[in-house]
Protein chains: 2
Amino acid sequence: MDQLNRRKERQGDRALLDQILDEAKVATVTTVVDGLPWSVPMLFARHGDEILLHGSTGAGALRHIAAGAPVALSAFIADGLVVADTLFDHSMNYRSAVVRGVVEKSSLDPAQALTALSDSILPGRSAEVPPHTSKQLAATLVLSLPITDGQWITKARKGGPGDDDAAGWTGEVPMRVVYGEPVTHTAGDVPESVRRLG
Amino acid sequence: MDQLNRRKERQGDRALLDQILDEAKVATVTTVVDGLPWSVPMLFARHGDEILLHGSTGAGALRHIAAGAPVALSAFIADGLVVADTLFDHSMNYRSAVVRGVVEKSSLDPAQALTALSDSILPGRSAEVPPHTSKQLAATLVLSLPITDGQWITKARKGGPGDDDAAGWTGEVPMRVVYGEPVTHTAGDVPESVRRLG
């Protein structure tokens with residue numbers, strides 16, 4: 001099985017970094033707590049050269065990160081299975097990024113940052129709902145991880161297996177995320193932002 | 001925007017842990033290198049109470065892990081978008097797991113471990129191709145992270161937004177990964193394992 005960490009095609013490509021960060025809605029945020037690795041999945045959004053993370057003012061490990069603990073943010077998008085004629089050469093096509101740094105104050109105010117985060121989950125939704133209340137903003141901690149030269153890496157694999165002398169069928173099977181039929185919780189017109197997902 | 005790290009429904013549910021580890025093909029593996037967080041996406045497979053990771057005998061950070069550095073393995077499955085009537089309450093339905101520990105020798109021999117890893121990527125594929133060669137096995141480092149009581153956590157969110165007094169439509173939009181039409185690299189009969197994915 002070909003492993004994911006061997007091929008570093010297009011390493012250092014900022015356009016690829018932005019593409020990955022804009023497509024992935026969730027990243028694994030990692031830090032060190034008491035000398036041990038600590039990680040949590042978090043919703044995030046890229047805004048220019050910063051990565052916005054949404055925390056709670058009540059969450060301990062996020063306060064640790066907010067206080068300056070080094071962070072590694074890891075985003076991964078699976079693009080397909082790579083099917084070879086030996087098990088060893090099976091692999092996955094993917095795009096991934098790791099961004100390292102220390103969080104700082106965002107260039108956005110909390111309302112702008114929350115709006116950017118919401119629109120990352122569901123594009124266009126911010127135009128359909130009322131603005132944030134002061135109570136909501138007070139309960140929110142927006143962390144901003146800067147994208148700094150030399151502090152990020154992208155990796156990607158695409159295409160079929162390398163072996164051109166395969167004994168039988170080899171190829172790729174594309175993978176993608178699709179949205180299903182919306183499930184109504186409170187009735188009303190399904191918003192345009194949701195209809196666009198289909 | 002409701003954040004992912006607030007709700008810990010069903011925390012401690014081993015059946016949920018196994019479900020997440022069996023469904024996710026890739027996890028983010030984290031360790032501490034020179035005091036800093038370090039993470040990489042890796043293909044993995046669960047075999048009973050161990051998590052098999054496939055490394056290369058030439059990869060430095062994996063040797064660090066193999067030498068006993070503490071690891072946190074994080075797996076995440078996105079199940080849907082949660083659409084509320086305020087931006088603040090938008091969220092994602094998901095299942096996630098973090099398993100902590102130190103890797104050890106697998107109970108499987110390298111050939112069995114590689115087979116389990118390959119079948120995790122593409123179920124049933126191992127029955128369709130020749131066995132591993134000794135050269136392939138020599139180039140492979142199989143790491144095994146034990147699933148130990150008290151060293152793992154699951155989190156999950158499901159259902160619609162909490163607010164029952166919503167002013168307009170609210171609900172959920174299911175998300176799932178689908179496989180596309182196989183792309184042929186070398187011609188032949190598309191194997192049964194690939195046809196089953198569709």
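Summary of computed values
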read-out	value
Peptide A:111-121 - average C-beta neighbours from other chains (10 Å radius)	3
Partner chain coverage, peptide A:185-196 - average Cβ within 10 angstrom	5
The stretch B:70-110: relative contact order in percent, alpha carbon pairs under 8 Å with at least 6 residues between	47 percent
Rounded accessible area of residue A:25 (nearest 10 Å², 1.4 Å probe)	30 Å²
Under 13 Å, Cα to Cα: Lys pairs in the protein assembly as shown, sequence gap 8 or more or different chains	4
Dipole magnitude (debye, nearest 20) for the protein assembly as shown, charges at Cβ of Lys, Arg, Asp, Glu	720 debye
By accessible area with a 1.4 Å probe, ligands and nucleic acids excluded, highest first: order of B:14, A:196	A:196, B:14
Per-residue mean of C-beta atoms belonging to partner chains within 10 Å, peptide A:48-54	1
Stretch gain in nm, segment residue A:128-residue A:197, where the contour uses 0.36 nm per residue and the Cα spacing is subtracted	23.3 nm
For the stretch B:97-114, 3J(HN,Hα) per residue [Karplus equation, 6.51 cos²θ - 1.76 cosθ + 1.60, θ = phi - 60°, Hz, x = Gly/Pro]	9, 10, 10, 9, x, 10, 6, 9, 5, 6, 6, 9, 6, x, 5, 5, 5, 5
Mean residue ellipticity (222 nm) of chain B, computed from DSSP H runs ≥ 4 via -39,500 (n - 2.57), nearest 500	-5000 deg cm²/dmol
Heavy atoms of residue A:22 accessible to a 1.4 Å probe, total area in Å² rounded to 10	80 Å²
Percent of Cα-Cα distances greater than 33 Å, calculated over the protein assembly as shown	32 percent
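The values are calculated or read from the model by the stated rules, or taken from the named source; none is laboratory data. Everything numeric here is computed off the predicted structure, so don't read it as measured data. Glycine also receives a Cβ, built like all others from the backbone with ideal geometry; neighbour counts cover every protein chain displayed. When the accessible area is computed, the model is the full protein with side chains, heavy atoms only, and any ligands, DNA or RNA have been set aside. Shrake-Rupley method; radii C 1.70, N 1.55, O 1.52, S 1.80 Å.
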